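Read through the structure below, which is laid out as structure tokens, and then see the notes.
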Amino acid sequence: MPAKHRIPYVQARDEIKKSGGVNLWFSRFASSTAQIVGHPQVFFGAVIMLVVWAFSGPYFHYSDTWQLIINTSTTIVTFLVVFLIQNTQNRDAKALHLKLDELIRSHHPADDDLIDIQKLSDEELDALEERYQKIREACERRRAGKLPEIQPEQKPSNHRPTKQKAKTPAA
């Protein structure tokens with residue numbers, strides 16, 4: 001990738017590094033934790049801990065304290081890990097959307113009205129899904145050698161109007 005295309009990315013990264021704030025720290029911490037927690041060895045370690053806890057039941061006479069230890073520890077771990085993983089998922093989703101937006105923007109025939117589509121309401125997304133479903137069905141009929149019965153509709157009203165060239169009358 002030519003260096004001139006990386007300038008906004010490099011500048012944004014440098015600004016974040018200079019600030020060194022809580023967001024940067026938490027981002028890195030959440031990413032690292034999500035990677036560690038998602039590793040198979042951590043899962044097997046958790047299973048081993050549960051087995052050890054279960055086998056220690058007779059030693060502690062299955063007391064309330066014995067049960068409280070596992071309930072409290074699993075609740076706390078689950079509570080904290082959910083937030084860390086959600087942070088990682090949000091950043092991954094945002095990065096993915098930005099990459100897709102850049103691909104749409106860079107491909108000239110693409111409909112760049114779909115950039116930031118994730119910000120539409122559920123009803124607007126349903127309308128777009130229906131529109132693309134009809135386009136897909138028409139394409140399948142053409143491939144099967146049938147004439148398309150359903151013509152794709154015009155863009156929904158929430159899209160920006162496209163500029164049309166003025167027709168010049170034939171002389």
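The values are calculated or read from the model by the stated rules, or taken from the named source; none is laboratory data. What you are looking at is a predicted structure, and each value in this text was computed from that prediction instead of being measured. So basically every Cβ, Gly included, is an ideal-geometry build from the backbone, and we count neighbours across all protein chains shown.
Residue-by-condition table, conditions (1) modelled with pLDDT of 75 or more; (2) not assigned by TED's automatic domain parsing to the domain that holds Thr33:
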| site | (1), (2) |
| --- | --- |
| Val77 | yes, no |
| Arg91 | yes, no |
| Leu96 | yes, no |
| Glu102 | yes, no |
| Arg136 | yes, yes |
| Lys163 | no, yes |
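Counting only helices (runs of 4 or more DSSP H) wholly contained in region 7-126, the ones carrying 2 or more residues that are exposed (fewer than 10 other Cβ atoms within 10 Å of the Cβ) occupy 40-55, 64-106. Residue pairs whose Cβ atoms lie under 8 Å apart, sitting 6 or more positions apart in sequence or on different chains, and linking a residue in region 99-114 that is without any contact (Cβ under 8 Å) to a residue 60 or more places away in the chain to a partner that is of a type in the set (Asp, Glu) and in a helix (DSSP H, G or I), are Ile104/Asp112; Arg105/Asp112. Total residues in region 53-103 satisfying the condition of being more than 27 Å from the chain's Cα centre (by Cα) and closer than 30 Å to Pro8 by Cα: the figure is 0.
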